[in-house]
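Before any comments, here is the structure.
What follows is calculated from the coordinates using simple rules that are stated; it is not laboratory data. This one's a predicted model, so the numbers in the text were calculated from it and none came from an experiment. Backbone-built Cβ (ideal geometry, glycine too); neighbour counts: all protein chains shown.
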């Protein structure tokens with residue numbers, strides 16, 4: 001039986017999704033580029049959808065799903081806010097911090113896949129991992145464009 005370990009793994013990923021949602025929303029508020037603002041708002045919605053999917057699985061397994069982000073995610077958002085204030089909310093700095101957050105997200109999904117999971121839940125996590133990788137790569141590429149003096 002999978003039970004509590006699977007629920008704990010899913011709840012950890014729910015926190016991860018909520019951290020991503022809050023991180024993207026915070027950065028959408030701070031970014032000056034309207035295209036990036038729209039992109040970040042879209043990514044925040046994607047993270048919220050991912051959290052809802054995972055919450056549904058926890059309920060299906062008879063558990064109580066998390067409904068908030070992690071303490072480390074909250075601390076990271078505070079750090080992003082402080083750094084944004086110091087740097088004048090520079091778009092490149094915001095992209096750098098988002099990439100750092102996506103590094104953490106990808107790592108958490110990969111760690112989750114190392115757990116003994118039922119095939120249907122494993123497939124869900126693998127699909128969400130691919131979304132986190134796409135987010136990471138897109139943010140990294142945008143950040144690199146800013147570093148090269150290009151804008152979006």
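Among 114, 97, a tally of other beta-carbon atoms within 10 Å of each Cβ gives an order, fewest to most, of 114, 97.
Taking R0 as 30 Å, what's the FRET efficiency between residue 64 and residue 100 from their Cβ-Cβ distance, rounded to 0.05?
Numbers: r = 30 Å, r/R0 = 1.00.
According to the calculation, E is roughly 0.50.
Here the calculated FRET efficiency for residue 38 and residue 115, from their Cβ-Cβ distance with R0 = 41 Å, stands at 0.70, rounded to the nearest 0.05.
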